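I have placed the structure first, in the form of structure tokens, so that the comments after it can refer back to it.
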Amino acid sequence: MALDILGPLPVTTKGNRYVLVLMDYFTKWPEAVPIPDQEALTVAEELVRAWISRYGVPMILHSDQSTNFNSALFTELCKLLGILKTRTTALHPESDGMVERFNRTILNHLSLFLSKNQTDWDTDLPLFLLAYRSADHEATGCTPADMLFGRTLRLPCDILFEETERCYLQSSEVT
């Protein structure tokens, strides 16, 4: 899996300024976690909370050369969990193109939906993730949800259309 930190962004009302971006190479399943800082402890805690606790310990963790990913704490975490830690070539973030493209996708989305004061981007991330995970990925031809769970996620719009169809069918039965 790949990880990166996006930011700094405008500080939110919840005190977040960065996004910890985590992405599985095979399924393209992303996590984007708002964080207040990019300290190694924050990143390590969120990696455990947002990824490892849900999906298990990755075999390989690929990141850029950032000091937070190369700290003694992060190195020890990887060692304890048996994670092979790899890094991009210095000054060549494009060698981790998947996560860099996803970062641009996040920024493009946020630029469309940010409030005027730009302090609520962290509340918009979960719905962005739902949409991304439910859209076909160019590389796989499937949605990340299909790849991870083997099924399509049920979306809010599906519920709306089901309700509309049910109402239509009920009214047809009456006439």
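Every number here is computed from the coordinates shown, using simple stated rules; none is lab data. Being a predicted model, the structure only gives us computed values, none of them experimental. Backbone-built Cβ (ideal geometry, glycine too); neighbour counts: all protein chains shown.
At-a-glance table
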read-out	value
Lysines with Cα under 22 Å of K14, excluding same-chain neighbours fewer than 8 positions away	K116
Computed over the chain, Cα set: Rg, Dmax in Å	19.0, 72
T75-K116 pseudo-label distance in nm [points 7 Å out on the Cα-to-Cβ vector]	5.0
Footprinting exposure proxy for Y25, Y18 (fewest neighbouring C-beta atoms within 10 Å first)	Y25, Y18
DSSP-defined antiparallel bridges as percent of all bridges, the chain, nearest 5	70
The range 24-96 versus the range 134-149: alpha-carbon centroid distance in Å	22
Cβ-defined net charge surrounding K28, 12 Å radius [Lys, Arg +1; Asp, Glu -1]	-3
Rounded to whole Hz, the Karplus (6.51, -1.76, 1.60) HN-Hα couplings of the range 22-34, x for glycine and proline	10, 8, 7, 5, 6, 8, 6, 6, x, 10, 9, 10, x
Net lengthening on full extension, T89/L130 (0.36 nm per residue, minus Cα-Cα)	11.6 nm
Label-point separation, T123 to A139 (7 Å along Cα→Cβ), nm	3.3
Least to most buried among S134, S53, S63 (fewest other Cβ within 10 Å first)	S53, S134, S63
T105, T143 arranged by Cβ crowding within 10 Å, fewest neighbours leading	T105, T143
Förster radius 30 Å - calculated FRET efficiency between R154 and D37 (Cβ-Cβ, nearest 0.05)	0.25
